[in-house]
1. Calculate, for B:Gln108 and B:Gln61, the FRET efficiency according to 1/(1 + (r/R0)^6) with r their C-beta to C-beta distance and R0 60 Å; round to the nearest 0.05.
2. Dipole magnitude of the protein assembly as shown about its Cα centre, charges +1 at Lys/Arg Cβ and -1 at Asp/Glu Cβ only, in debye to the nearest 20?
3. Could you tell me whether chain B comes out rounded, prolate or oblate from its Cα gyration tensor? Rule is a ≥ b ≥ c as square roots of the eigenvalues, rounded for a/c under 1.5, then prolate if a/b exceeds b/c, otherwise oblate.
4. Taking +1 at the Cβ of each Lys and Arg and -1 at the Cβ of each Asp and Glu, which of A:Phe179, A:Gln108, A:Gly141 sits farthest along the dipole of segment A:104-209 towards its positive end, judged by Cα position relative to the Cα centre?
5. Got the A:Gln10 label distances to the other copies yet, label 7 Å along Cα→Cβ, in nm, shortest first?
6. What aspartates and glutamates could a cross-link reach from B:Lys79, if we take a straight Cα to Cα line under 16 Å and drop same-chain neighbours fewer than 8 places away?
7. Going 7 Å from Cα along the Cα-Cβ axis for the label, what nanometre distances separate A:Phe179 from the same residue across the other copies?
8. With each pseudo-label sitting 7 Å past Cα toward Cβ, what's the B:Glu115-B:Glu3 distance in nm, one decimal?
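Computed from the coordinates by the stated procedures, all read-outs in this text should not be read as laboratory data. Just so you know, these numbers come straight off a predicted model, no measurement behind them. Positions of Cβ are generated from backbone atoms using ideal geometry, with glycine treated the same way; all protein chains shown enter the neighbour counts.
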Protein chains: 2
Amino acid sequence: MTEIKDKSIQIYLDELASKAPTPGGGSAAALLGAQSAALTSMVCNLTIGKPKYAEVETEMQVLLSKSESLRVTLTAMIKADVDVFSQLMAAYGLAKESDQEKVARSQQIQTVLREATQIPLNCAKACAEAIVLSQEAADKGSLNVISDAGVAVMSAYAGLKSAALNVYINAASLKDRPFAEEKLAELAVILKGADIKAEEIYQLVKNKL
Amino acid sequence: MTEIKDKSIQIYLDELASKAPTPGGGSAAALLGAQSAALTSMVCNLTIGKPKYAEVETEMQVLLSKSESLRVTLTAMIKADVDVFSQLMAAYGLAKESDQEKVARSQQIQTVLREATQIPLNCAKACAEAIVLSQEAADKGSLNVISDAGVAVMSAYAGLKSAALNVYINAASLKDRPFAEEKLAELAVILKGADIKAEEIYQLVKNKL
């Protein structure tokens, strides 16, 4: 089966809109993050080599290396969400006639739910990192492409808030409450102040236009 | 040349990240809006036909028709941004040796700049409409897919704020100040309260999880 990232944007949007259960919001969240990282890379690529920005050349090189690495991570998460959703559907579809089957099914569901909580949490973390990278692009990037740093921060922020929703859903179904609470606490740390930070970076960009 | 929407997501992200001037933030803004509309359509498609949601069946059908139409509009805007950027680069590249050439070049730049202001303004309007549609999906959609309405609102909000940056940039270069001020005033109306509304819809979704 063709991976989502290798499908055209039109087909991705058609499949997202359709009644097929995947791709859904989890993949969309990862794409929002990947798009943010790509835009930060664009700002770097259009700043590096410009005599006017020679002073920040090394920092832009380092930033580019981070944003490209993060883009690979987030692009892979588009697929990870689909995979874990399929596993979850398979677990819910297990036989539940005998008591033994019921127990096995429930255990399998809970095992996959842990993964289905961790994956969007990882996506939220990566999107938060994309916000940090967009800030450096907004701070030091070429003024000719500074608006792209503003689009980068908004895209990452949307990805973060979107991924958070999938953590909430799956954590709510977990029977292992200490694990669920731990994951929700990790998410709360990631989310804390993200709205203010995103708005600050956006205003920084707007003031430079 | 292949339209962006017909390229794979991987290639789109690679080109976005590259030093090529297009695609850039304007296309990314349109994609954010198109993704939002697609997610609202997904909520509709997974609510329609479900006996539990028979009461909202007709409203979901109407919402789906609106979100699919908006998705077409926003998908087309991915290309519109690239096209107007190319026209702008061509205008800046016109000869400017003689006084006559200078005047002709300046006039052409100003003509294209009007278009380059209107196009992201249209994108901002369409993204604001996508926020409104996501609200209805969040209000009435199946609880099984309600988180997708939350991703829809965040994606549209990011698209709106991103498109706004491109209006600011191009309006700033316009010599026709009354036209520029009119467009900025239109944008201000669209933006007014959008942050609060987006957060309200997000919280509505979160409270339903």
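1. 0.80
2. The dipole magnitude comes to about 200 debye.
3. The shape class here is prolate.
4. Projecting each Cα onto the dipole axis, the largest value belongs to A:Gln108.
5. So the distances to the same position in the other copies read 2.0 nm.
6. Reachable aspartates and glutamates: B:Glu3, B:Asp6, B:Glu15, B:Glu115.
7. For A:Phe179, the inter-copy label distances come out at 6.2 nm.
8. 1.7
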